[in-house]
Amino acid sequence: MSKHIYGVGETVYDILFRNEKPLKAVPGGSAFNAIISLGRCGLRPIMSTFVGDDTIGTLTLGFMNRNGVDTNCVERLQGCRSHLSLAFLNDRNDAEYQFYKDHASLSMTLPVPAFGAEDYVLFGSFFAVNPAIREQVFRYLSAARTAGTLLYYDINFRPTHVKDLPFVRENLLENLRLASVVRGSMEDFHYLFGIDDVSSDRFSLAEEVYHQHIKAHCPYLLVTDGGKAVHVMTPTLHEVFEVPPIKTVSTVGAGDNFNAGFLYSLYKNGVRHTALADISKEMWAQHIGIARRFAANVCGSLDNYVGDDFAGLLRDEAKNAG
């Protein structure tokens, strides 16, 4: 049986602005961005999502097909408009978002694939905790966990949803328990757990997050921190991997592609859910190194996904290694 990477989440149409002027419009979404990058790298991932019954929905479907993504799990919602995201870039090329959504999308059914123990599932963002679709999402994730699939949970909790935290907290904790690996940013943990993310002692902050909030639910945590170091936390280690400084054009999609790179490395090295405990410090360094390469490439353009040249280079590397 062949192994697959599944992404589950919403699609949006991203319109990027700088200095009050639109720069570019591209299909996006947290899991979607990662899946497009993995498709460009030749892994033929599968996207579980929905698109609207409109021009943007048609464009998004075509975009997935052209970039090597399997769309058999994409639902076309009749009478539903595709979602929009406005991303306003500041002088650091970080984005502030505004979202426009059609609540008819809550009628999605989210079919459950036939998962296997060699598969991977990427999930996260508000989509993964939204009470309105929780039943469908939980059924999907539970089926993957029962099958022994490796589940990678990107918390990605935006400040616009802080007001919703009392209504989604239990769903978030349930996601942590279902996950094989959790990835969160210092910003996420500030909003969720009230950590003092302005402290200069990032090592202690990561320790606090892991031991007080995550470890009891999931034993494997990746902590990202913008352009600062990445922390890998497991029951037996806390490793810190520095992030080289880079010149950014846009940071939109950076975290999504960190996820893509990490999953790419797990996939290429055949790391299953049951093998996470056997990853050495050196292999953690390799996985994080690939994740950083994906993220850095995306930061050098206005796209939400790795470039074709970068994807071609990875395909060549894989061919030579094989």
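Derivation of every value follows stated rules applied to the coordinates shown; laboratory data play no part. Since this is a predicted model, take the numbers as computed values, not measurements. Because the Cβ atoms are built from the backbone with ideal geometry, glycine has one as well, and the counts that use them run over all protein chains shown.
Tabulated results
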{"quantity": "Alpha carbon Rg of the chain, scaled by the compact-globule rule 2.2 N^0.38 Å", "calculated": "0.93"}
{"quantity": "Percent RCO, i.e. relative contact order, over the chain, from Cα pairs under 8 Å lying at least 6 residues apart", "calculated": "16"}
{"quantity": "Length released on extending from Val198 to Ala104, taking residue separation times 0.36 nm less the Cα-Cα span", "calculated": "29.9 nm"}
{"quantity": "Inter-label distance for Glu208 and Arg158, nm, one decimal - labels placed 7 Å from Cα along Cα-to-Cβ", "calculated": "2.7"}
{"quantity": "Least to most buried among Thr60, Thr160 (fewest other Cβ within 10 Å first)", "calculated": "Thr160, Thr60"}
{"quantity": "Whole-Å semi-axes of segment 199-240's equivalent ellipsoid (Cα gyration tensor)", "calculated": "17, 11, 9"}
{"quantity": "Per DSSP, loop trypsin sites (Lys or Arg not before Pro) in segment 60-136 with at most 16 further Cβ within 10 Å", "calculated": "Arg92, Lys101"}
{"quantity": "Cα-Cα separations in segment 15-55 greater than 13 Å, expressed as whole percent", "calculated": "65"}
{"quantity": "Gain in span if fully extended, Arg66 to Phe88, counting 0.36 nm per residue against the direct Cα distance", "calculated": "5.2 nm"}
{"quantity": "Tally of Lys pairs whose C-alpha atoms are under 29 Å apart, taken over the chain, 8 or more apart or cross-chain", "calculated": "23"}
{"quantity": "Per residue, the convex hull volume that the Cα atoms of segment 127-267 enclose (Å³)", "calculated": "130"}
{"quantity": "Nearest-20 debye value, the chain charge dipole, Cβ charges on Lys, Arg, Asp, Glu", "calculated": "560"}
{"quantity": "Kyte-Doolittle mean at least -0.5, axial Cα span of 15 Å or more - DSSP H helices of the chain", "calculated": "30-40, 55-66, 165-178, 254-268, 281-299"}
{"quantity": "Of all DSSP beta bridges in the chain, antiparallel share, percent nearest 5", "calculated": "40"}
{"quantity": "Computed [θ] at 222 nm, deg cm²/dmol, the chain (DSSP H ≥ 4; -39,500 (n - 2.57); rounded to nearest 500)", "calculated": "-11000 deg cm²/dmol"}
{"quantity": "Rounded to whole Å, sorted largest first: equivalent-ellipsoid semi-axes of segment 13-111, Cα gyration tensor", "calculated": "24, 18, 11"}
